[in-house]
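Colleague: Please see the structure below; I have some questions.
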Amino acid sequence: MKNALFGQTLVQLQELCLAESFPKFTAKQLCDWMYNKRVNDFDAMTNLSLKIRARLNEIATVGRQDPVDCQVSADGTKKYLFEVAGGGQNTNSQYVESVYIPDGDRATLCVSCQAGCKMGCRFCVTGQQGFHGSLTASEILNQIFSIPESSQLTNVVFMGMGEPLDNFDAICQTLETMTASWGLGWSPHRITVSTVGITPMLKRLIDETEVHVAVSLHNPFADERAAMMPMQKKYPIAEIVDLLKKYNWYGQRRISFEYTMFRGINDDLGHAAELVRLLRGLHCRVNLIRFHSSPDTPYRTSDERTMKTFEDYLNSHNIICTIRASRGEDIMAACGLLAGKTVK
Ligand code: SF4
């Protein structure tokens, strides 16, 4: 199979150029054509010599792939379906989803980093599917470049299918290409990486990048959280919060916690009070999320009044808290509903 150059960093492309005895500046030219001019064909890269273009066609492809399907929600949210190889761990093609969310002058894309997920969160449709492979940096970046609205995007969140920190190298490579001057040149503060909290990798993400971080919290009580999220046993939320408290979150960089509200499970004031206790001393925000029931889980969403009471309690105890607007539920694009199913 030919090597896909799309998604490779400047250093990786320089290594290729060296191995092929191309001039060193060819790597920068390739970056400019792929990431700035968004060209998907070596023959259109007119400042490369005909000899170099011919050799590139022999050994590589650019490797961008259009989505294979798109569903549009009544609220304007769009869910794109991409075919991926599953990071080479699986011989069959896999499907992953990305969700485009326009909202006034913001346009956010929620991208996937794995086909399925190993984390097994009990309330999550993706988690119930099992794991089918990690995406390459090329496949992750492709979701951002290959939707028709790509050039309008203001924000990208890594909150789709899969656990980003379980695919750390590919995520870091993608972040590098998104933020480098030879790549997309985005500010890292337009990007949020969400995680259940794989502590050693979380530390590396904070130390090695400048992106915003979102931790899926969902329950402040260890035993209850473990019943919903098996990774709690390996990486307890108290240790994750202790790690986060070692960093300064008062600058431009943000730490937030995702808290999905489940009726009768995590939505009373006892949970709110424990959350306040857990997060005391950490400058952060909490996003309350309506749960979108699916037939595969026994969980149900909390009612509006309960959510508002919870929100008010946190805000009155100095934790910035908002109820997140729900988008794309009618096309199964909302949080926790991404399944990568073909829809035709
Ligand atoms: Fe994986 Fe996120 Fe679903 Fe948990 S919620 S199973 S980490 S995709």
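The values are calculated or read from the model by the stated rules, or taken from the named source; none is laboratory data. Everything numeric in this text was worked out from a predicted model, so none of it was measured. Neighbour counts are summed over all protein chains in view; Cβ atoms, including those assigned to glycine, are modelled from backbone coordinates with ideal geometry. Please note that ligands, DNA and RNA were not included when accessible areas were found on the heavy atoms of the full protein model with its side chains. Shrake-Rupley method; radii C 1.70, N 1.55, O 1.52, S 1.80 Å.
Colleague: Checking the conditions here, which among E258, E274, E239, E224 is closer than 23 Å to I191 by Cβ and surrounded by fewer than 21 Cβ atoms within 10 Å (Cβ to Cβ)?
Modeller: Of the residues listed, the single one that is closer than 23 Å to I191 by Cβ and surrounded by fewer than 21 Cβ atoms within 10 Å (Cβ to Cβ) is E258.
Colleague: What is the residue count in segment 292-317 for residues that are in contact (Cβ under 8 Å) with a residue 12 or more places away in the chain and either under 21 Å from L278 (Cβ atoms) or surrounded by fewer than 18 Cβ atoms within 10 Å (Cβ to Cβ) (or both)?
Modeller: Residues in segment 292-317 being in contact (Cβ under 8 Å) with a residue 12 or more places away in the chain and either under 21 Å from L278 (Cβ atoms) or surrounded by fewer than 18 Cβ atoms within 10 Å (Cβ to Cβ) (or both): 14 in total.
Colleague: Take residues that are of a type in the set (K, R) and tell me which of the strands (runs of 3 or more DSSP E) falling wholly in segment 4-111 contain 2 or more.
Modeller: The qualifying strands (runs of 3 or more DSSP E) are 78-84.
Colleague: Is segment 15-35 home to any residue that is touching a residue at least 60 places away in the same chain (Cβ under 8 Å) and surrounded by fewer than 18 Cβ atoms within 10 Å (Cβ to Cβ)?
Modeller: Within segment 15-35 (the criterion being touching a residue at least 60 places away in the same chain (Cβ under 8 Å) and surrounded by fewer than 18 Cβ atoms within 10 Å (Cβ to Cβ)), the answer is yes, since at least one residue qualifies.
Colleague: Which pairs have Cβ atoms under 9 Å, sit 6 or more apart or on different chains, and link a residue in segment 180-196 that is within 21 Å of M34 (Cα to Cα) to one that is more than 16 Å from the ligand (Cβ to nearest atom) and among the small types (G, A, S)?
Modeller: Pairs that qualify, where the first residue is within 21 Å of M34 (Cα to Cα) and the partner is more than 16 Å from the ligand (Cβ to nearest atom) and among the small types (G, A, S), are W182/A27.
Colleague: For R190, all conditions in the list (1) under 29 Å from K234 (Cα atoms); (2) open to solvent by 10 Å² or more (accessible area, probe 1.4 Å); (3) away from the ligand (no atom under 16 Å from the Cβ) hold save one; what is the number of the exception?
Modeller: Failing condition for R190: (1).
Colleague: With respect to V111, is the statement that it is within 16 Å of the ligand (Cβ to nearest atom) and modelled with pLDDT of 95 or more true?
Modeller: Spelling it out, V111 is indeed within 16 Å of the ligand (Cβ to nearest atom) and modelled with pLDDT of 95 or more.
Colleague: Can you tell me which residues in segment 10-43 are of a type in the set (A, V, I, L, M) and over 23 Å from M178 (Cβ atoms)?
Modeller: Result: L18, A19.
This table checks each residue for (1) of a type in the set (K, R); (2) within 16 Å of the ligand (Cβ to nearest atom).
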residue: F221; (1), (2): no, no
residue: E224; (1), (2): no, yes
residue: D242; (1), (2): no, no
residue: T260; (1), (2): no, yes
residue: G264; (1), (2): no, no
residue: H271; (1), (2): no, no
residue: D296; (1), (2): no, yes
residue: R305; (1), (2): yes, no
residue: N315; (1), (2): no, no
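Colleague: Checking T177 against (1) open to solvent by 10 Å² or more (accessible area, probe 1.4 Å); (2) in contact (Cβ under 8 Å) with a residue 24 or more places away in the chain, which single condition isn't satisfied?
Modeller: Just one mismatch for T177, condition (1).
Colleague: One residue is enough: does segment 30-38 have a residue meeting the conditions modelled with pLDDT of 95 or more, in the same structural domain as A180 (by TED's automatic domain parsing), under 20 Å from I144 (Cα atoms) and among the charged types (D, E, K, R)?
Modeller: For segment 30-38, residues modelled with pLDDT of 95 or more, in the same structural domain as A180 (by TED's automatic domain parsing), under 20 Å from I144 (Cα atoms) and among the charged types (D, E, K, R): absent.
Colleague: Restricting attention to segment 123-171, and to residues there that are β-branched (V, I, T) and open to solvent by 20 Å² or more (accessible area, probe 1.4 Å), which single residue is farthest from the ligand (Cβ to nearest atom)?
Modeller: Per the criteria, the residue is T154.
Colleague: Kindly check whether there is at least one residue in segment 193-201 that is under 13 Å from N155 (Cα atoms), under 16 Å from the mean Cα position of the chain (by Cα) and more than 16 Å from the ligand (Cβ to nearest atom).
Modeller: For segment 193-201, residues under 13 Å from N155 (Cα atoms), under 16 Å from the mean Cα position of the chain (by Cα) and more than 16 Å from the ligand (Cβ to nearest atom): absent.
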